[in-house]
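Following: one structure in structure tokens, then a few remarks.
The values are calculated or read from the model by the stated rules, or taken from the named source; none is laboratory data. From a predicted model like this one, the values you see are computed outputs, not experimental measurements. Backbone-built Cβ (ideal geometry, glycine too); neighbour counts: all protein chains shown.
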Amino acid sequence: MTFAKLAKYFQELEKISSRNAMTEILVKLFTEADKNEIGQICYLLQGRVAPLFEAIEFGMAEKMVIKAITAGCGADGNEVNREFKKVGDLGKVVESLKPSAGNSKLSVGQVFEVLENTANKGGAGSVEIKVNLLADLLRKVDSLSARYIVRIPIAKMRLGFSDMTILDSLSWMAAGDKSKRAEIEKAYNVRPDLSFIAKTIKEKGVKGLTEVQPKVGVPILMARAERLSSGKEIIDKIGKCGVEPKIDGFRLQVHYKKSGFDKPTFNKLLEGKQQGFDFVPSADGTQTVRLFTRNLEEVTFMYPDIVAGIEKQIKAKEVIFEGEAVAYNPKTGEYLPFQETVQRKRKYGIEKMTKDVPLRLLCFDVLLKEGENLLTKPYAERRKKLEEIIHKGETIVVVEEQEVADPERLEQIFQDAIKRKLEGVMAKKLDGVYQAGARGWNWIKYKKSYDSKIDDNIDGVVMGYDFGQGKRTGFGIGAFLIGVYDKTTDSFKTIAKIGTGLTDEEWKTLKVHSEKLKVKSKPNRYDTDKMMECDMWVNPKIVVVIKADEITRSPVHTAGREMQKTKGGALRQAQGKEGAEEVKIQGFALRFPRLVDFRTDKAPEDATSVNEIEKMYKIQKK
């Protein structure tokens, strides 16, 4: 396929907001693509040249891209800047400045290779090399292709859909309907690489995904827990279970492997850039560790103390396991609040913070050991294997656990956890599997907030903001709109607008984060009431922790609005749309919401879901 043809598909996708229409276009695109290019196309749809868990970024600021446009189009730099200030989209700027003629025969693979080469350039002189590579590519392509090529390095593709829409489309391509979606998503949860998934389906069909196994170095989407509000409810639901304290830290997935090489051999491999070896070695070159957060971000370099503990304490050749990293006081052993733990998530001053705020990794599950896939093994068996791989030490610790069948005993453990200033407990079904990327009744969390009126923290996504008034005029932001994720529709639905309770520093921080993500029109994945329009919309990237007094019903928020049958028999969200038999507009809202913190370790799709909000509301009423 030529890139010029792919650009026309991008243009079609950009014009529409209907998820169904997007799926139809993607199905057509994937059907036409061959097995050698469908993987590259999936990356380009995301505005990338590698999966999300690989730290391969273009490192090109808008100023660099403007230089490339100037050189590639033979334009005046001042003119490019003027147009950019006017339009706000470098893609449209280059399209308007560049003559439409170009080499329309450049293939997707040829363009992808240049973009990949651009992203991988680093070191001295790399800025000039990147600019020249991009400029040369712009000279060769037509104006529409240039629009999207320019957007990729600055991560502003503006196509308006998520990975879930791509998974739907792959099911339609393979089976002619959504019947294979669950099977495809199950494989994606274990290997969250759209390129790999699409290429496998193209070559082997959906049945080829049954061969997908965990692989050290490729993060597995983390399992999540359901909520209940008493020990009795938990025992009634899953019977005898393993009960662990619930720690308020940040979750890490550890990928560990002994390289099998001595240091000289290992260095030769690195120099030769051998394919398939994707680890940062330890000091002696014989061990490798990668740490991933729940949103697939690699953070190995941030936590040298945890890495050192893993290299010292793990007795296995190859393993994937999970734990909760939490700051602690080395003198007392007491765990510190999340606000202190989160200080460790930083790119600079790491060595000092490692000494000031040491971390301990409390491990609770193992997913692969010595090449054996443990995802489908019972929790009780996985727990034993976890204990086998960890030597005693200060940094890497297996979290304490008790098997409990008595509701009263579970309540005692819960109350003890609260007295120790922990969040609560986690109960795990003894014969339960590890549900990668999913929430299920294999894990149940019971937190202090669930045993009374709902006041649990909620992870929300910043959807947009209003300009400030009075003192906040200087901040440029005076209120912000919060949404929660609806997996059924792959959309974000509103639940609160917050205009008070932030410190000056928090307002400034939110504005800085939002400034990088602002867009001129509401993103396609946002479902909002006209009463909740914002002065400025932002792409769904910022996850914040919100505390509220309770969940109430609201006529102006869309989270949890009732689904009603239309005259045509289809389900649609009743917002007064034509064809609905009746209109029910009561959604969920947060009463007295206030910002607690920013949650940088969570992807927007991992924020609190509409389904969770509904369950919390029912618990609150009960």
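Which residues, taken from region 457-479, are of a type in the set (D, E, K, R) and modelled with pLDDT under 70? I'd like the intermediate steps shown before the answer.
Let us first name the residues in region 457-479 that are of a type in the set (D, E, K, R), namely 459, 466, 471-472.
Scanning region 457-479 gives LYS471, ARG472.
What's the number of the condition ASN117 fails, among (1) part of a helix (DSSP H, G or I); (2) in contact (Cβ under 8 Å) with a residue 60 or more places away in the chain; (3) closer than 24 Å to ASP34 by Cα?
All conditions pass for ASN117, except number (2).
Let me confirm something: among GLY432, GLY440, GLY349, GLY424, which residue is under 30 Å from PRO304 (Cβ atoms), assigned by TED's automatic domain parsing to the domain that holds ASP248 and small (Gly, Ala, Ser)? Lay out the reasoning, then the answer.
On the way: GLY432 fails: under 30 Å from PRO304 (Cβ atoms); GLY440 fails: under 30 Å from PRO304 (Cβ atoms); GLY424 fails: under 30 Å from PRO304 (Cβ atoms).
None of the other options fit; the residue is GLY349.
Do we have GLU400 as in contact with an Asp or Glu (Cβ under 8 Å, 6 or more places away or on another chain), part of a loop (DSSP other than H, G, I, E, B) and surrounded by fewer than 18 Cβ atoms within 10 Å (Cβ to Cβ) here? Break it down stepwise before answering.
On the way: in contact with an Asp or Glu (Cβ under 8 Å, 6 or more places away or on another chain): yes; part of a loop (DSSP other than H, G, I, E, B): yes; surrounded by fewer than 18 Cβ atoms within 10 Å (Cβ to Cβ): yes.
It is true that GLU400 is in contact with an Asp or Glu (Cβ under 8 Å, 6 or more places away or on another chain), part of a loop (DSSP other than H, G, I, E, B) and surrounded by fewer than 18 Cβ atoms within 10 Å (Cβ to Cβ).
Where the second residue is at pLDDT below 85 and the first is among the polar types (S, T, N, Q) and lies in region 508-526, which pairs have Cβ atoms under 6 Å and are six or more apart or on separate chains?
Between residues of region 508-526 that are among the polar types (S, T, N, Q) and residues that are at pLDDT below 85, the close pairs are ASN524/SER17; ASN524/GLY160.
Could you go through region 312-333 and let me know if any residue there is farther than 20 Å from ARG599 by Cβ and assigned to a helix (DSSP H, G or I).
Narrowing region 312-333 to residues farther than 20 Å from ARG599 by Cβ: 312-321, 328-333.
Now drop any that are not assigned to a helix (DSSP H, G or I), which leaves 312-313.
Yes: one or more hits.
Here is a check on your reading of the model: is LYS384 without any contact (Cβ under 8 Å) to a residue 12 or more places away in the chain and either surrounded by fewer than 16 Cβ atoms within 10 Å (Cβ to Cβ) or assigned to a helix (DSSP H, G or I) (or both)? Spell out the reasoning first.
Values: without any contact (Cβ under 8 Å) to a residue 12 or more places away in the chain: yes; either surrounded by fewer than 16 Cβ atoms within 10 Å (Cβ to Cβ) or assigned to a helix (DSSP H, G or I) (or both): yes.
So LYS384 passes the test.
Looking at (1) surrounded by 15 or more Cβ atoms within 10 Å (Cβ to Cβ); (2) not in a helix (DSSP H, G or I), which is the one condition that is false for LYS511?
(2) is the only condition that LYS511 fails.
What do you reckon, is VAL342 under 23 Å from PRO304 (Cα atoms) and either assigned by TED's automatic domain parsing to the domain that holds HIS255 or among the polar types (S, T, N, Q) (or both)? Talk me through it step by step, then tell me what you get.
On the way: under 23 Å from PRO304 (Cα atoms): yes; either assigned by TED's automatic domain parsing to the domain that holds HIS255 or among the polar types (S, T, N, Q) (or both): yes.
Taking the combined requirement at face value, the residue satisfies it.
Just to be sure before I move on: is PHE588 within 28 Å of ALA225 (Cβ to Cβ), of a type outside the set (S, T, N, Q), surrounded by 15 or more Cβ atoms within 10 Å (Cβ to Cβ) and at pLDDT 90 or above in the structure I sent?
Values: within 28 Å of ALA225 (Cβ to Cβ): yes; of a type outside the set (S, T, N, Q): yes; surrounded by 15 or more Cβ atoms within 10 Å (Cβ to Cβ): yes; at pLDDT 90 or above: yes.
In short, yes.
Yes/no matrix, rows are residues, columns are (1) of a type in the set (Val, Ile, Thr); (2) surrounded by 14 or more Cβ atoms within 10 Å (Cβ to Cβ); (3) more than 30 Å from THR300 (Cα to Cα):
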{"site": "THR2", "(1), (2), (3)": "yes, yes, yes"}
{"site": "ARG19", "(1), (2), (3)": "no, yes, yes"}
{"site": "ILE25", "(1), (2), (3)": "yes, yes, yes"}
{"site": "LYS28", "(1), (2), (3)": "no, yes, yes"}
{"site": "GLU32", "(1), (2), (3)": "no, yes, yes"}
{"site": "GLY39", "(1), (2), (3)": "no, yes, no"}
{"site": "PRO99", "(1), (2), (3)": "no, no, yes"}
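Can you give me the number of residues within region 361-374 that are surrounded by fewer than 19 Cβ atoms within 10 Å (Cβ to Cβ) and assigned to a loop (DSSP other than H, G, I, E, B)? First the steps, then the outcome.
Step one: list which residues in region 361-374 are surrounded by fewer than 19 Cβ atoms within 10 Å (Cβ to Cβ), which gives 370-373.
Going one step further and asking which of them are assigned to a loop (DSSP other than H, G, I, E, B), we end up with 370-371.
Number of matching residues: 2.
Would you tally the residues in region 4-15 being under 24 Å from the mean Cα position of the chain (by Cα) and surrounded by fewer than 19 Cβ atoms within 10 Å (Cβ to Cβ)? Steps first, answer last, please.
Filtering region 4-15 down to residues under 24 Å from the mean Cα position of the chain (by Cα) leaves 10, 13-14.
Filter again for surrounded by fewer than 19 Cβ atoms within 10 Å (Cβ to Cβ), leaving 14.
Of the residues in region 4-15, 1 are under 24 Å from the mean Cα position of the chain (by Cα) and surrounded by fewer than 19 Cβ atoms within 10 Å (Cβ to Cβ).
Does region 201-214 hold any residues that are more than 23 Å from the chain's Cα centre (by Cα) and either in contact (Cβ under 8 Å) with a residue 60 or more places away in the chain or part of a helix (DSSP H, G or I) (or both), and which are they? Spell out the reasoning first.
Going through region 201-214, the residues more than 23 Å from the chain's Cα centre (by Cα) turn out to be 201-208, 210-211.
Correct list: ILE201, LYS202, GLU203, LYS204, VAL206, LYS207, GLY208, THR210, GLU211.
All but one of (1) closer than 26 Å to LYS516 by Cα; (2) out of contact with any Gly (no Cβ under 8 Å at 6 or more places or on another chain) hold for SER107; state the number of the condition that does not hold.
Here SER107 clears every test but (1).
When you scan region 338-360, how many residues do you find that are more than 24 Å from the chain's Cα centre (by Cα) and part of a loop (DSSP other than H, G, I, E, B)?
Looking only at that region, the number is 3.
Step by step: first the residues of region 176-195, then only those that are in contact with a Pro (Cβ under 8 Å, 6 or more places away or on another chain) and either assigned to a helix (DSSP H, G or I) or in the same structural domain as PHE53 (by TED's automatic domain parsing) (or both), then the one that is farthest from GLU54 (Cα to Cα). Which residue is that?
So the residue we want is VAL190.
Looking only at residues in region 314-334 that are small (Gly, Ala, Ser) and within 23 Å of LYS355 (Cβ to Cβ), which one is surrounded by the most Cβ atoms within 10 Å (Cβ to Cβ)?
The first filter runs over region 314-334 and keeps only residues small (Gly, Ala, Ser), leaving 316, 323, 325, 327, 333.
Restricting the remaining residues to those that are within 23 Å of LYS355 (Cβ to Cβ) gives 323, 325, 327, 333.
Details: GLY323: 27, ALA325: 25, ALA327: 22, GLY333: 9.
It comes out as GLY323.
Would you confirm whether or not region 96-109 contains a residue that is under 15 Å from THR2 (Cα atoms) and part of a helix (DSSP H, G or I)?
yes
For region 190-206, give me each residue that is among the hydrophobic types (A, V, I, L, M, F, W, C) and touching a helix residue (DSSP H, G or I) at 6+ places or on another chain (Cβ under 6 Å). Break it down stepwise before answering.
The initial filter retains those residues of region 190-206 that are among the hydrophobic types (A, V, I, L, M, F, W, C), namely 190, 194, 196-198, 201, 206.
Listed by number, the residues that qualify are LEU194, ILE197, ALA198, ILE201, VAL206.
Looking at this structure, is PHE112 within 23 Å of SER521 (Cα to Cα), touching a Leu at 6+ places or on another chain (Cβ under 9 Å) and not in a loop (DSSP other than H, G, I, E, B)?
On the way: within 23 Å of SER521 (Cα to Cα): no; touching a Leu at 6+ places or on another chain (Cβ under 9 Å): yes; not in a loop (DSSP other than H, G, I, E, B): yes.
It is false that PHE112 is within 23 Å of SER521 (Cα to Cα), touching a Leu at 6+ places or on another chain (Cβ under 9 Å) and not in a loop (DSSP other than H, G, I, E, B).
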